[in-house]
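Just so you know, all these numbers are worked out from the coordinates, no wet-lab data involved. Remember, predicted model here, so these are calculated numbers, not experimental data. Here the Cβ positions follow ideal geometry from the backbone for every residue, glycine too, while neighbour counts run over all protein chains shown.
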Ligand code: MEV
């Protein structure tokens with residue numbers, strides 16, 4: 001028995017909230033994403049039998065684990081087998097659990113073998129894994145899980161810039177429906193094929209709003225950022241990815257005094273976010289609840 005047999009390694013990665021720029025970011029435009037203070041934790045030990053034992057509650061698709069193991073073994077020429085477990089605070093709300101699980105497992109494996117890799121290399125490896133499992137996606141959720149904070153991000157990690165802001169004054173409402181991101185992205189792709197120019201015009205508008213939001217978030221100009229949220233929501237509605245339930249929660253938040261509100265992520269369900277002041281935070285939460293939303297405390 002060598003010393004590795006007793007080694008227990010844990011690593012965790014945070015979930016994400018898309019702030020501005022969803023869908024457009026799949027087509028080469030920027031988005032803004034924040035990591036949240038909820039995590040998925042991966043624990044691994046070396047397996048005593050020549051196979052992996054994977055018990056990963058909170059990871060909806062085990063391929064994120066198996067493909068990560070395969071990719072890591074190939075890349076670093078390692079042949080060990082592992083017992084892997086997970087604990088998740090973020091599953092089921094569209095808060096990025098699959099990407100966070102991939103990142104946490106890569107970090108745990110790096111730590112097990114005492115390999116150091118810079119964040120961009122970890123990003124490239126995780127992006128390759130998530131793309132091969134999911135087929136679609138910009139990689140913004142992987143960046144949030146690796147870098148943390150609030151990021152200005154361009155498709156595939158072409159740009160990853162940390163914005164100088166500690167936290168954003170948002171509340172999060174879950175619509176009660178788990179969205180299918182791949183389906184939503186495919187639906188937009190179909191529209192792109194049929195109405196290319198009109199869809200590109202929507203993406204260009206989203207991109208302009210996102211560029212301004214980058215500046216205004218840095219200035220903490222929440223009144224203006226709220227307006228940008230609202231315009232971004234209008235664009236997402238014209239793209240056809242919002243739902244009646246999300247719209248109802250967004251409007252309720254605005255009426256209760258939020259600076260602005262929008263869906264967050266792929267749409268079709270999952271969450272909405274509202275930008276709030278300390279004074280109206282509780283009123284906005286109550287309004288979102290009255291519209292049928294569940295508040296996720298982050
Ligand atoms: C999904 O949360 C956000 C999308 O922009 C997809 C992606 O960027 O990977 C719709």
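Worth a mention:
- In plain terms, the bigger the Kirkwood radius, the slower the diffusion; for the chain, with that radius from Cα pairs, at 25 °C and 0.890 mPa s, Stokes-Einstein puts D at 125 µm²/s.
- Fraction of C-alpha pairs exceeding 12 angstrom in segment 130-187: 74 percent, rounded to a whole number.
- Neighbour-count ranking [beta-carbon atoms within 10 angstrom, fewest first] of 255, 273: 255, 273
- Relative contact order of segment 81-221: 18 percent, from C-alpha pairs under 8 Å at least 6 residues apart in sequence.
- 222 nm mean residue ellipticity, helices alone, for the chain (DSSP H n ≥ 4; -39,500 (n - 2.57); rounded to 500): -14500 deg cm²/dmol
- Taken over the Cα atoms of segment 1-79, the convex hull encloses 144 Å³ per residue.
- Extension gain for residue 131 to residue 197 (0.36 nm times residue separation, less C-alpha to C-alpha distance): 21.1 nm.
- Contact order normalised by residue count of the chain, Cα under 8 Å, 6+ apart, percent: 20
- Computed E for residue 189/residue 251 - FRET, C-beta separation, R0 35 angstrom, nearest 0.05: 0.80
- For a paramagnetic label modelled on residue 47 (point 7 Å from Cα along Cα→Cβ), amide N atoms under 14 Å away belong, within segment 66-91, to 66-71, 73, 79-85.
- Listed by Cβ neighbour count within 10 Å, with the fewest neighbours leading, 129, 19, 36 appear as 36, 129, 19.
- Residues of segment 224-262 with amide N under 19 Å of the 7 Å Cα→Cβ point at residue 282: 253-259
- Cα gyration tensor shape for segment 199-276, rounded if a/c is under 1.5, else prolate or oblate: oblate
- Taking the fewest neighbouring Cβ atoms within 10 Å as the starting point, the ordered list for 195, 27, 147 is 195, 27, 147.
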